[in-house]
Amino acid sequence: MIGARLELDDARLASPLARVSPVVKLAIAIAWLVGLAFTIRVAPPLILAAIALAAGLWLGRIPGSTMARALAPLWIAAVGIGLSNMFFAASNGDPTAAELARVGPVRIAVDAAVGGLALAGRVLAIAAVGAVFTLTTDATRLADALVQQAHISPRFAYGALAAYQAIPRFGEDLTTLRQARRVRGLRGDWHPGLLVGVLVLAIRHADRMALAMDARAFGSGPRSHYRVVRWGPLDIVVGVGAIAVLVAALAVPA
């Protein structure tokens with residue numbers, strides 16, 4: 001939900017996966033997504049999705065209900081993408097292609113079914129990896145790690161953090177504007193003027209944030225760090241294990 005702020009509970013903050021450097025987890029997510037881009041088989045994305053979910057539930061201590069709510073819209077979209085590619089694949093019109101089934105007048109070829117399932121599997125895997133990364137990574141620690149470990153510009157990293165944390169505020173501003181319209185005796189449902197109000201408030205928030213960052217001399221030179229992010233043995237174990245899992249999944253012939 002846009003109006004809800006994403007906060008990690010104490011159990012997740014203390015979990016092994018949350019204690020891994022966000023830079024390592026981000027690198028793992030990118031490596032897995034790149035690996036998925038080079039395979040059209042069905043098994044590798046399903047294996048990676050299952051392992052990502054197991055790691056999130058076990059190592060990340062993500063509640064099952066939280067994981068389900070985060071993944072439900074994405075997995076519904078994955079099923080829709082897979083079915084549409086299966087029903088409208090060009091191989092369905094090829095009379096020489098092996099037929100798997102018929103749904104009314106629609107002929108479904110084996111290649112079309114395999115292709116649709118593979119594409120749906122990749123979307124499932126991407127959704128699972130992204131959800132686990134988001135639900136086990138504190139946004140502030142991510143920005144700190146990008147600055148200290150990946151040597152990203154503080155202006156970019158903390159600016160992105162400020163923008164990320166401002167997203168839930170849009171929902172809060174919209175709720176406030178709707179309540180203000182009801183106080184004035186107007187309808188509180190959808191109205192084009194609400195967009196103008198949200199835009200004005202967003203500009204004001206951004207202006208105050210920019211002034212606050214300038215007042216703290218972001219980007220003016222070397223800075224000390226209140227929260228120090230250090231490399232640890234757990235980062236090596238998780239990083240090596242994730243690469244090994246990726247290689248093993250891509251080696252599965254199915």
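Annotations for the structure displayed:
- Selected residue (only one of 196, 240 is farther than 30 Å from residue 38 by Cβ, without any contact (Cβ under 8 Å) to a residue 24 or more places away in the chain and assigned to a helix (DSSP H, G or I)): 196
- Residue 199 meets each of the listed conditions (1) farther than 22 Å from residue 31 by Cβ; (2) surrounded by 14 or more Cβ atoms within 10 Å (Cβ to Cβ); (3) at pLDDT 85 or above apart from (2).
- Test: residue in region 199-218 that is closer than 23 Å to residue 21 by Cβ, of a type in the set (D, E, K, R) and either touching a Ser or Thr at 6+ places or on another chain (Cβ under 9 Å) or part of a helix (DSSP H, G or I) (or both): no
- Taken together, 96, 39 contain a single residue that is without any contact (Cβ under 8 Å) to a residue 60 or more places away in the chain and assigned to a loop (DSSP other than H, G, I, E, B), which is 96.
A quick yes/no check of all residues on (1) closer than 19 Å to residue 228 by Cβ; (2) in contact with a His (Cβ under 9 Å, 6 or more places away or on another chain); (3) in the same structural domain as residue 66 (by TED's automatic domain parsing); (4) of a type in the set (A, V, I, L, M):
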site: 98; (1), (2), (3), (4): no, no, yes, yes
site: 106; (1), (2), (3), (4): no, no, yes, yes
site: 109; (1), (2), (3), (4): no, no, yes, yes
site: 116; (1), (2), (3), (4): no, no, yes, no
site: 160; (1), (2), (3), (4): no, no, no, yes
site: 164; (1), (2), (3), (4): no, no, no, no
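- The sole residue among 122, 69 that is assigned to a helix (DSSP H, G or I), out of contact with any Phe, Trp or Tyr (no Cβ under 9 Å at 6 or more places or on another chain) and surrounded by 17 or more Cβ atoms within 10 Å (Cβ to Cβ) is 122.
- Test result for residue 123, in the same structural domain as residue 56 (by TED's automatic domain parsing) and under 27 Å from residue 8 (Cα atoms): yes
- Residues satisfying the stated conditions in region 168-179, i.e. more than 13 Å from residue 209 (Cβ to Cβ) and either touching a Leu at 6+ places or on another chain (Cβ under 9 Å) or free of Cβ contacts under 8 Å to residues at least 24 places away in the same chain (or both): 168, 170, 173, 174, 176, 177, 178, 179
- Region 174-193, residues that are out of contact with any Lys or Arg (no Cβ under 8 Å at 6 or more places or on another chain), part of a helix (DSSP H, G or I) and not β-branched (Val, Ile, Thr): 174, 177, 178, 179, 180, 182, 192, 193
The values are calculated or read from the model by the stated rules, or taken from the named source; none is laboratory data. Just so it is clear, the model here is predicted, and its values are computed rather than measured. Glycine gets a Cβ as well: all are built from the backbone with ideal geometry, and neighbour counts include every protein chain shown.
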